[in-house]
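No value in this document is a laboratory result; all are computed from the given coordinates. Given the structure is predicted, the values throughout are model-derived calculations rather than measurements. Because the Cβ atoms are built from the backbone with ideal geometry, glycine has one as well, and the counts that use them run over all protein chains shown.
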Amino acid sequence: MSTHTEASPPSPKQQVAIKAAEIVDNGMIVGLGTGSTANLFIDELARRQHEQQLEIQVVASSVISRVKAQQAGLQVISIEHLSHLDMYVDGADEVTTDMQLLKGRGQDLVCEKLLASHATAFYVLVDDSKMVSRIGEKNAIPIEVMPSAAQLVLNRLAKLQAKGSLRLNAAGDNVAYSAAGNLILDMQFTDLETAQINALLTVMPGVVEHGIFADIVKAVFIGSSDGVKLLQR
Ligand SMILES: O=C(CO)[C@H](O)[C@H](O)COP(=O)(O)O
């Protein structure tokens, strides 16, 4: 069922979800991201499947997306059964014009980056509020760490002039655990470029995953009150 009506025109996030659902072809395996924009994509994909009898399978980056997809009537397969992934569609917290991303406001980074990296095409859906001139401009960079390594990684990052702390749960009375059972550091870097931060975090022992998604995006759909713009390689 479509999430907008004649009385309420599609929001920027709905517009990008509709555009991305249009590029799904019969027979594809489609990866589903996590978040409010990814949810709108799941709705649109389910609508297309029902209306046009598309034969597709989906794989989810999180429990919440899997449940939503199942409730919408999509055929969900597990990551273990994937031998390839035709496309992966997800939102983002920050996007630069050269298509570097920051993700991970949620706690599903590991599966999100796994699916984004292995997909033949990774499409990103945002509204124009997510556009920034540099990664880290509005949000700290989430770094998922082995629980036992959190303090060591924090100390190492402090030597690189990064500031931040362990993420807490919503009530603020305990640490937040990721879907993979890890802890998350939210860090701000003042002295390093995005490429340097990406390179050092990608190889730092104790770091399981981090929120910089560099050089893996095929296209970004940007919704605004003026319609949808496309950035692509
Ligand atoms: O990275 C994410 C979750 O880990 C989300 O894709 C990101 O936070 C964007 O969310 P939304 O679509 O709700 O704005």
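Values for this structure:
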quantity: Per-peptide average of other Cβ atoms within 10 Å, ordering 208-220, 69-81 highest first; calculated: 208-220, 69-81
quantity: FRET efficiency for K163 and E193, using Cβ-Cβ distance with R0 set to 25 Å, rounded to 0.05; calculated: 0.90
quantity: Rounded if a/c under 1.5, otherwise prolate or oblate - segment 141-210, Cα gyration tensor axes; calculated: prolate
quantity: Centre separation in Å (Cα based) which lies between segment 130-187 and segment 1-78; calculated: 30 Å
quantity: Bridge type composition, the chain - antiparallel percent by DSSP, nearest 5; calculated: 55 percent
quantity: Label-point gap, in nm, between E55 and L82 - each point 7 angstrom along Cα→Cβ; calculated: 2.2 nm
quantity: Local electrostatic count at L54 - Lys and Arg +1, Asp and Glu -1, tallied over other residues with Cβ under 12 Å; calculated: -3
quantity: Packing-based order for 198-204, 140-146, 49-55, using average beta carbon neighbours within 10 Å, highest first; calculated: 140-146, 198-204, 49-55
quantity: Alpha-carbon Rg with Dmax, taken over the chain, Å; calculated: 17.9, 56
quantity: Of K13/K138; K13/K229; K113/K159; K13/K130, pairs whose Cα-Cα distance is over 22 Å; calculated: K113/K159
quantity: Computed E for E22/V63 - FRET, C-beta separation, R0 45 angstrom, nearest 0.05; calculated: 0.95
quantity: Likely footprinting exposure, T190, T120, fewest C-beta neighbours within 10 Å first; calculated: T190, T120
